[in-house]
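The values are calculated or read from the model by the stated rules, or taken from the named source; none is laboratory data. Note that the structure is predicted; figures quoted are calculated from it, not measured. FYI the Cβ positions are ideal-geometry reconstructions off the backbone, even for glycines, and counts take in every protein chain you see.
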């Protein structure tokens, strides 16, 4: 299969390209003009373009059978992330609509779910966020990106698969939001026994490739997590130890953190009405979206894609911190 | 009574400030928003409860007849959109810089006069609470004779993650004369003009301090001789921390405000008495002003008040003028003089 990968020079993108090659596919890697290309074999064709501005994107789809859309911003303010993630996607899909490519695997995120309404287990049936504008820039952009992808796919009758990974981690990207926050050498863990929806980059890339290869994945949505056995305490301890950052791990009950956020939110509403503004940790819905103790299921990916994580947690630790 | 109808064309960062301020005005209804990106237009409509959204301003203008069009697109598109609006007899409030060169502005001005339309640039810092306060002190005579104003802007436009130096997607401001500095010059120019009056002479210096960037210049200085006072203005893309300092010096008083942090404002008066004691009292008074302003500024931030402190007042005056059929709050001739001043600041050739 000939596969176009957007965001190919990014963290997950570079692993996805490697996995596609490992599975015998032909890859065209779409990367920004100024990005340094990862070290790939010569057979990887590099197409340099910035989705926000490039005016001949349609050429990127020439001769391709499928596309994996990974390009998205992970930092910056709301406007920067919206422009990179959503407007870039609009332009990417507009180009795709002028090509013969009909197969698209879109990489979304678990942040599109309404964590406040997740009961016990978060799976593909969990309701999506509706009032998104009290969330952070990344969430707003990822929700709009998925909306945009779904609309284009419906309008053009594409074969779409939406993948929603949890916390993607790996070499040099092991600090994840679910761990809590570190202030200097102090790590505050909100809910030390909360299960983490971890998706190691090697496993996540493998799952994306499984999806693009699978007929059964068409018109389906999959949550991509390795499992939910690893809890905050263990992950934070391994991170602190293996990253040689050291520090003091301070566990705080989830309910305590949420209570503080609810109290701050109540005070803000009383003083300023709906316009009040608080740091993300003090916005209850944003707090929940990072730390809520629920279980995470990858049953659908296992059953429909016949997928299972390539590497165990211990193997992932060795891969990430070696 | 029917509400006044507005539309906002362009739904980026500055449009959000427009829409937030418009939401505060009870006499105004935002009838539609528009952006080339359908997703961005729809997101803005959803977020601010606007009934309609468009991805073509021509389609919007064909279907809706607003009392005022807010143009919040990148500068290179201002001329065409404003011309279309004015040709249709619509009032226009355009983001700065109103056009990318002065000749374009002159054409818009002619059209506005011919069709009896409002044409203004967003010069909201004129209505900033600190600027207004200082202006009132000057008008009341408490300042004595005004001698000089300083407008000093520092913004870290050369930081590694700055969108201004993103070579992958060149920033729209790079198309302006003076590059990114040119994008901020209107603020600097109208604040100076407010206090100096018509400009008689000026000198400029443009410097590129950070070599490895796509910016033509990242440092700018100018001396302006006006009919009432002089102004020293600068823009630094390297000095930190970020600030928008406005200073005024008169024969009886000095004032300084950081316009990014309203309402912090410090004043220093000439006072008779033992110099050492007066210096102590002045210092205590200044510390009190700083503390009071800082706490009030923090409170404003918790309440999500924009640092675009003058925008709401500017819009309120604009819509009041429309409602009462009064002249626009910033006269067209002043908008013209300021566009001309920006043109002169970017045309002068003292480069170091």
Out of B:310, B:297, B:293, report the one residue that is modelled with pLDDT of 85 or more, within 23 Å of residue B:125 (Cα to Cα) and within 14 Å of chain A (Cβ to nearest Cβ). B:297
Out of the strands (runs of 3 or more DSSP E) lying entirely within the stretch B:178-285, which hold 3 or more residues that are over 29 Å from residue B:302 (Cα atoms) and modelled with pLDDT under 95? B:199-207
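Given the options A:205, A:216, name the one that is in a helix (DSSP H, G or I) and within 17 Å of the chain's Cα centre (by Cα).
Values: A:216 fails: within 17 Å of the chain's Cα centre (by Cα).
Sole residue among the options that is in a helix (DSSP H, G or I) and within 17 Å of the chain's Cα centre (by Cα): A:205.
Would you confirm, using the coordinates I've provided, whether residue B:90 is in a loop (DSSP other than H, G, I, E, B), in the same structural domain as residue B:106 (by TED's automatic domain parsing) and at pLDDT 95 or above?
On the way: in a loop (DSSP other than H, G, I, E, B): yes; in the same structural domain as residue B:106 (by TED's automatic domain parsing): yes; at pLDDT 95 or above: yes.
It is true that residue B:90 is in a loop (DSSP other than H, G, I, E, B), in the same structural domain as residue B:106 (by TED's automatic domain parsing) and at pLDDT 95 or above.
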I'd like to check something: does the stretch A:23-39 contain any residue that is surrounded by fewer than 16 Cβ atoms within 10 Å (Cβ to Cβ), touching a residue at least 60 places away in the same chain (Cβ under 8 Å) and more than 14 Å from every other protein chain (Cβ to nearest Cβ)? yes
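Suppose we filter B:30, B:8, B:50 for residues that are within 14 Å of another protein chain (Cβ to nearest Cβ) and either assigned to a loop (DSSP other than H, G, I, E, B) or under 22 Å from the mean Cα position of the chain (by Cα) (or both); which single one remains? Break it down stepwise before answering.
Values: B:30 fails: within 14 Å of another protein chain (Cβ to nearest Cβ); B:8 fails: within 14 Å of another protein chain (Cβ to nearest Cβ).
After ruling out the rest, the residue left standing is B:50.
So, in the stretch A:285-316, of the ones that are over 30 Å from residue A:218 (Cα atoms) and in contact (Cβ under 8 Å) with a residue 40 or more places away in the chain, which residue ends up surrounded by the fewest Cβ atoms within 10 Å (Cβ to Cβ)? Spell out the reasoning first.
Of all residues in the stretch A:285-316, those over 30 Å from residue A:218 (Cα atoms) come to A:285-288, A:291-293, A:314-315.
Add one more test, that the residue is in contact (Cβ under 8 Å) with a residue 40 or more places away in the chain, and what stays is A:285-288, A:291-293.
Values: A:285: 19, A:286: 20, A:287: 23, A:288: 20, A:291: 24, A:292: 18, A:293: 15.
Checked the stretch A:285-316; the qualifying residue surrounded by the fewest Cβ atoms within 10 Å (Cβ to Cβ) is A:293.
Considering each residue of the stretch A:51-70, count those that are within 14 Å of another protein chain (Cβ to nearest Cβ) and in contact with a helix residue (DSSP H, G or I) (Cβ under 6 Å, 6 or more places away or on another chain), and give that number. Step through it out loud before you land on a result.
Initial filter on the stretch A:51-70 (within 14 Å of another protein chain (Cβ to nearest Cβ)): A:51-55, A:57.
Add one more test, that the residue is in contact with a helix residue (DSSP H, G or I) (Cβ under 6 Å, 6 or more places away or on another chain), and what stays is A:51-52, A:57.
Residues that pass the stated criteria total 3.
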Helices (runs of 4 or more DSSP H) lying entirely in the stretch A:227-320 (those with 3 or more residues that are modelled with pLDDT under 95): A:232-242, A:254-272, A:284-291
Residue B:256 vs (1) more than 30 Å from residue B:205 (Cα to Cα); (2) more than 14 Å from every other protein chain (Cβ to nearest Cβ): all pass except (1)
Could you tell me which residue of the stretch B:11-27 is nearest to residue A:87 (Cα to Cα), considering only residues that are within 14 Å of chain A (Cβ to nearest Cβ) and over 17 Å from the mean Cα position of the chain (by Cα)? B:11
Those residues that are touching a helix residue (DSSP H, G or I) at 6+ places or on another chain (Cβ under 6 Å), surrounded by fewer than 18 Cβ atoms within 10 Å (Cβ to Cβ) and not in a loop (DSSP other than H, G, I, E, B), I need them from the stretch A:138-173; list them, please. A:156, A:173
May I ask you to list the residues in the stretch B:133-154 that are modelled with pLDDT under 95 and either crowded, with 17+ Cβ neighbours inside 10 Å or not assigned by TED's automatic domain parsing to the domain that holds residue B:233 (or both)? B:143
Given the conditions (1) within 21 Å of residue A:173 (Cβ to Cβ); (2) within 14 Å of chain B (Cβ to nearest Cβ); (3) in a loop (DSSP other than H, G, I, E, B); (4) free of Cβ contacts under 8 Å to residues at least 60 places away in the same chain, and given that residue A:74 satisfies all but one, which numbered condition is not satisfied? (4)
From the residues in the stretch B:68-84 that are buried (at least 20 other Cβ atoms within 10 Å of the Cβ) and touching a residue at least 40 places away in the same chain (Cβ under 8 Å), which one is nearest to the other protein chains (Cβ to nearest Cβ)? B:72
